[in-house]
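What follows is a short report on a single structure.
What follows is calculated from the coordinates using simple rules that are stated; it is not laboratory data. Only a predicted model underlies this, so the values are computations on that prediction, with no experimental measurement involved. Using ideal geometry, Cβ is built from the backbone for each residue, glycine included, and neighbour counts are taken over all protein chains shown.
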Amino acid sequence: MSEQHARTAENEHHIVSPKTYLAILFALLLGTALTVLASYFDLGEWHIASGLTLFWNPVVALAIATCKATLVVLFFMHVKYSSRLTKLTVASGIFLFLVLIGMTLADYTSRAWGRW
Amino acid sequence: MSAATIVSLPDQATARIPKMNFITKENGLLSWLLTSDHKRIATLYLISITFFFFIGGALAGLIRLELLTPQTSLMAADTYNKVFSMHGLIMVFFFLVPSVPATIGNFVIPMMVGAKDLALPKINLLSWYLYVLGGLMMLYTMSTGGVDTGWTFTTPLSTHYLNTNVVSAALCVFVAGFSSILTGLNFIVTIHKMRCPGMTWFRLPLFVWSMYAASILMVLGTPVLAITLTLVGLERIFHIGVFDPAFGGDPLLFQHLFWFYSHPAVYIMILPGMAVISEVVSTFSRKRVFGYTAVAFSSVAIAVFAFFVWAHHMFIMGISNYSALIFSLLTMLVAVPSAIKIFNWAFTLYKGSITFETPLLYAFGFMGLFTIGGMTGVFLGSTGTDIHLTETYFIVAHFHFVMVGGMLMAFLAGIHFWWPKWTGRMYPEKISQFAAVVTFIGFNFTFFPQFILGTLGMPRRYAAYPPEFQALNVFSTAGATILGVGYLLPILYLTWSLKYGAIAGNNPWQATGLEWQTQSPPLTENFTEIPIMDHEAYDYEWLERQQEKEVASVG
Amino acid sequence: MEEADHPHHEEHPSYQRHHFESVDQQFDATNFAMWLFLVTEVMFFGGLFASYLIMRNWYYRPFVEGSHQLSIFWGTANTAVLIVSSFTMAMAVWSAEVRRKGTLLLCLSLTLLLGFVFLGIKGIEWHEKWEKHHVPGIHQYSIAAFLDPASDPEVHKQYPDDQPLPYDLAQKTEQYFFLYFAMTGMHALHMAIGCGILIFMIVRAKAGAYTAGHVTFVENFGLYWHFVDIIWIYLFALLYLISRHG
Amino acid sequence: MDHISPVLWQFLQKWLARFPLFPPEASKIAPQSDALYFFMVLVSLVGLTLVVLLIVSFSIFYSKARHPKAVQIEGSTLLEATWTIIPLGLFLVMFVWGALLYFRIYTPPANAMNIYVVGKQWMWKAEHPGGQHEINSLHVPTGQPVQLTIISQDVFHSFSIPAFRVKREAIPGRYTTVWFEATTPGTYHLFCTQYCGTNHSQMIGDVVVMTPDDFKKWLASSTSGDSLAQNGERLFASLSCSACHNTRPDARGPSLAGVYDSKLTLSTGQAVTADEAYLRQAILNPSQHITQGYAPIMPTYQGQVSEEGVIALVEYIKNLDSDYRVQQTLNTTEIPPESGGKAPPAGHVPAAQKGVNP
């Protein structure tokens, strides 16, 4: 990965090389192909407990989507080369997104558990 | 009280308002409407916010008048519903949320961190225009029939059963929400990136810390409200959606999404109030804030915990028992940082050298009323008592103690505190102290009876009520009249002081913040040269040395 | 304080706004502001994702069969289009950084073109839903294809295992399409705004605005464009892919 | 402003002399709820007094006149820890106490008498199991746990009885429950506390608490003839539910005898308890509530049965402990005289026959 310095300024501003971008592009396209391919197979399910079943297809699809998103964030959006503050901002966004979804879903899930 | 004062005014015979300042820099309406100066935008905000406050206040007056008698004697039930809905919407989204941040925060944050302006001045102006656009739409909504959803837009009532201007009201809030997001975003960027040399995080005034916490809530919470109201609008227009059980939706989902914003919004409203109190208490007791770090981190703790407690608005609405437990527990935790702040402020007075100018009187009012408001919040956060007290006047009294007794008191404290900096002139001290006392008395008369009414079970949002509740309601309305006087007075004497107030000089309070070390009113670029921070916040000894130096150099 | 510790003594470039101490401070501040804005966008879509997940859990079969109405082909094509456009956008940022005006113009134009292709394909898909009366709320929503999968031979061929849905469940497919249109519509709105800004940028780039060292605008717009791409990556998974073997 | 003075006059004359400051305690839970309430009031008062005392005494001792030079103090970890831990401890006590109370109020005892409540804009309708039907009032006996099963047929309402310290949201599309045991005969307020549109403040009524004897008399005098279950049985027949839900070997639906409160396994593999909420859902959204082993052929009754109708059906199914009478209706032969023996619900035999064979 060749990194050039854009400005003579003191702060390090990385320029990601086109080669890296190209590699990421292919990785993303590969990921897309993989996830579409995976959706054609019934990957089955995992009965954790009665009434609680994990279907593998959604898990695989979301895992691949997360990998793709991570690549985009790290390289296309330069977070890999960014300050701690940027990383923290991204992390807090994701965290609160998960709080919103997780705690709301938790209420719905636990309603089915009945009174006690 | 009058014997001791910290006010150090220049010799009025020779004192002049500096010729060059942000007000006189340019003339003409256009120079204000196209300004990118944070102080001018703050002024624009102050004017528009005051306007909406008095509209909301007039509506509150109508509510209290109607409740004077048990029957619907002044207005019909649907008019009453519109009046309290508009009162709520205007007060929450057009007064409380932007009050301290967009006016005082906008005015002082850049100066406090030693910057020339906010990081994104144009975005700042855009945020004011969005606020005005939202406000005008709200006035349009009001004049074309109003809206009677209450400020909470409860589905399926709002999506299906009402035929008032729900969509346009939701749109107003959406637009105003974006204004608030942009303000918060601007503050966060400014606090992170625009601090002057030497201004480390722990040298920041506590005002900035609290504002930072409030800004985080604005930036992260408001978009959820935006999407929720979008979905409400879509559901209303297309008659299909995720909130109305008649279409297979779930009204509790709306409650979840709405309160995900609207609980943190409560802290958006109160944290800036706490910000003001820290400054005022320290300045008028000539002492650094007791336990700076604790106060700073309690702001951040409130901001973080604020996002985990929203379902305590839904305890009786059929959320799962497990959720009720967890959210109740987290609610108890979020109450602790507020308690810490109150005691830290009280102990800031300890061994101080206190003078009792108007801002401090308002701050004392805040501390007392916010203690009651906060403690009654615990009544509602505890699941068992919440069942009896929720949705009654107890709730109304609770959040008015926090919002009016807390936030509005803090807002007035702040306005008086920074008025000399803002306009270069002092407000009249005696009459403003009188106004502060009137406000405090009127407030207690208005809202304390409502706790009793709530305990008796009087439901909120009732246009008519059983006759045995009348006595307390009459008390409340009588108090509201006093409160109204308390709010009218500042408008009058502050306007008066614009022309006739004593010249304030740079630092009439002998305060330590960077904003006081420059001229009043400040220059457009705030400082003649960027300051270098070489001392802690609230370092009164540094200030003394500084003044000795000046005297020496002049002499 | 990150930047202001290092005062600049050279002349201020013309693009430096008066209230910043240095170009770096200006870049850092606007970049950080853009990130914060993207976080608000995450929360904005968060409300939609939460609604979708809850409704999908409630109405599992209708959501599965509603999803079968979507075309994997167009979905995949659109994902590829958007990923490539993200790549060209990243290249545009690179071109601006190394000050190559020609490449910058090419990359921006390609990004714009791909953006339009994406919206075009989205339009084709939406049109198909319109024809089949699968637009909720307006245009007489039809549940025929769910009551009797055989009546929709194209989809039935792909998903021969689909059982007819009972009436009450078939009605709930409208929920799926409501969320489908809300989510893809909100995403397309972001795309359209992006395309508008891209046109503005191409005009400015022609005048050489971004190849004189001031890349902030291109870089921040790039962040926005990539963010919209990420949203689509998840929409593609959630709306098209995860329900194929329900 | 001439209307102000009569108000003032009335005010002085009538209400200043006597107006309530605390609601009556008329249920078993009320004193328990008030105990926590007063504990919290006490803690608040202590806290408030402490804050006010600190502010006032510091203001006096450290005013500029008395204390011209401030002494700079950084803070005190010990003090700060004190006012972190003590409030936290108190709040946790309130949390635990409150949670215990919450579960007491929302967990009905097994022997509770069930009354259905339907909220609609803008009235409360109560359905007693005996078929007594009330609007904007609720008659209950003392000394008997009463469970309310509440639902709304349009928007959110909230069923609140301040004198009992209980309240529960009436949610459209879902049953919620609350229970109380009244202790003092009298008439108490019944409010809708969730804002529900124009006449929200008219959605009020009376809760009449009677001694068990008076209540029995009231029940007898206000019966409309058929019990709720009998109405349900008639509905069951007229909607042809028994065509599938019977005990024949080729029955297309599961038999409903004794289904209430039993554990079911659904076709999705999910295990559920067949409570009121489940029965309601199974009638209105049957396809998502198919019992394992049966085909999803049941049509939805959404829009065909009112909330009251669903309540009647649910009540009927709840009391159905044998399929005997379902068979009877199916056979459409004459009703054997001994049919009363196992007819649901026990104790309403003569009327039941009338219900089946009108």
Obtain the radius of gyration and the Kirkwood radius of the stretch B:29-554 from its C-alpha atoms and give Rg over Rh.
0.96
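Can you compute the charge dipole magnitude of the stretch C:23-241 about its Cα centre, using +1 on each Lys and Arg Cβ and -1 on each Asp and Glu Cβ, nothing else charged? Give it in debye, rounded to the nearest 20.
Details: 12 positive and 17 negative charges, 141 e Å.
So the dipole magnitude of the stretch C:23-241 works out to roughly 680 debye.
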Against the 2.2 N^0.38 Å rule of thumb, the C-alpha Rg of the stretch C:23-241 sits at a ratio of 1.19
Gap in Å between the Cα centre of the stretch C:65-104 and the Cα centre of the stretch D:180-229?
65 Å
Just rank C:K101, D:K167, fewest to most, by other beta-carbon atoms within 10 angstrom.
C:K101, D:K167
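Multiplying the sequence separation of B:K19 and B:Q517 by 0.36 nm and subtracting their Cα-Cα distance, what value in nm do you get?
177.5 nm
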Rounded to the nearest 0.05, what FRET efficiency do D:T265 and D:M123 give with R0 = 45 Å and r taken as the Cβ-Cβ distance? Could you check?
0.70
Net charge, B:W418 excluded, C-beta distance under 14 Å - Lys, Arg +1, Asp, Glu -1:
0
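Taking other Cβ within 10 Å of each residue's Cβ, how do B:H256, C:H134 sort, fewest first? Write down the numbers at each step before the final one.
Values: B:H256 28, C:H134 24.
The most exposed by this proxy come first: C:H134, B:H256.
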Neighbour count of at most 14 Cβ within 10 Å plus DSSP loop: longest GluC sites (Glu not before Pro)-free window in chain B
B:27-528
If only Cα atoms are counted, what is the Rg of chain D, and what is its Dmax, in Å?
28.2, 104
In chain C, which longest range has no GluC sites (Glu not before Pro) that are both DSSP loop (not H, G, I, E or B) and surrounded by at most 10 other Cβ atoms within 10 Å?
C:12-246
Relative contact order for chain B using alpha-carbon pairs under 8 Å, separation at least 6, rounded to a whole percent?
20 percent
Counting only helical runs of four or more DSSP H residues, what would the 222 nm mean residue ellipticity of the protein assembly as shown come to if each run contributes -39,500 (n - 2.57) and the total is spread over all its residues?
-19000 deg cm²/dmol
Quick one: what Rg and Dmax do you get for the protein assembly as shown from the alpha carbons, in Å?
33.2, 121
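Relative contact order for the stretch B:371-504: what is it in percent, counting Cα pairs under 8 Å that are at least 6 residues apart? Let's see the in-between values first.
Values: 155 pairs, mean separation 45.9, N = 134.
With pairs under 8 Å counted, the relative contact order is 34 percent.
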Per-residue HN-Hα couplings for the stretch C:35-41 [Karplus 6.51, -1.76, 1.60; θ = phi - 60°; Hz; x = Gly/Pro]:
4, 4, 4, 5, 5, 5, 5
When only Cα pairs under 8 Å and 6 or more residues apart are kept, what is the percent relative contact order across chain C?
31 percent
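What ratio of Cα Rg to 2.2 N^0.38 Å holds for the stretch B:221-359? Spell out each step's value before the answer.
Details: Rg = 20.1 Å, N = 139, 2.2 N^0.38 = 14.3 Å.
The reported ratio for this selection is 1.40.
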If you take the charge dipole of the stretch B:1-160 about its Cα centre, with +1 on Lys and Arg Cβ and -1 on Asp and Glu Cβ, which of B:I49, B:I90, B:A77 is farthest toward its positive end?
B:I49
Taking the simple approach of a point 7 Å from Cα along Cα-to-Cβ for both B:L488 and D:T211, what is their distance in nm?
5.9 nm
Along the charge dipole of the protein assembly as shown, which of D:T198, C:A80, C:G66 sits closest to the positive end, that is, farthest toward it, with unit charges on the beta carbon of Lys, Arg, Asp and Glu (+1, +1, -1, -1)?
D:T198
When the convex hull of its Cα atoms is projected in every direction, mean area for the stretch B:297-444 (nm²)
10.4 nm²
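Evaluate the charge dipole of the protein assembly as shown about its Cα centre and quote only its size in Debye, nearest 20, assuming +1 on the Cβ of each Lys and Arg and -1 on the Cβ of each Asp and Glu. Mind showing how you got there, number by number?
Working: 72 positive and 81 negative charges, 339 e Å.
Here the size comes out at about 1620 debye.
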Quick one: Cα centre-to-centre distance for the stretch A:57-116 and the stretch C:190-234, in angstrom?
25 Å
Among C:M89, B:F284, D:P145, whose Cα sits farthest toward the positive end of the charge dipole of the protein assembly as shown (+1 at Cβ of Lys/Arg, -1 at Cβ of Asp/Glu, about the Cα centre)?
B:F284
Amide H neighbours of D:A170 at under 5 Å, excluding residues fewer than 5 places away on the same chain, with H built from the backbone geometry, are D:H157, D:S158, D:F159
Where Lys and Arg each count +1 and Asp and Glu each count -1, what net charge lies around B:G145 among other residues with Cβ under 12 Å from its Cβ?
-1
Taking other Cβ within 10 Å of each residue's Cβ, how do B:K82, B:K39 sort, fewest first?
B:K82, B:K39
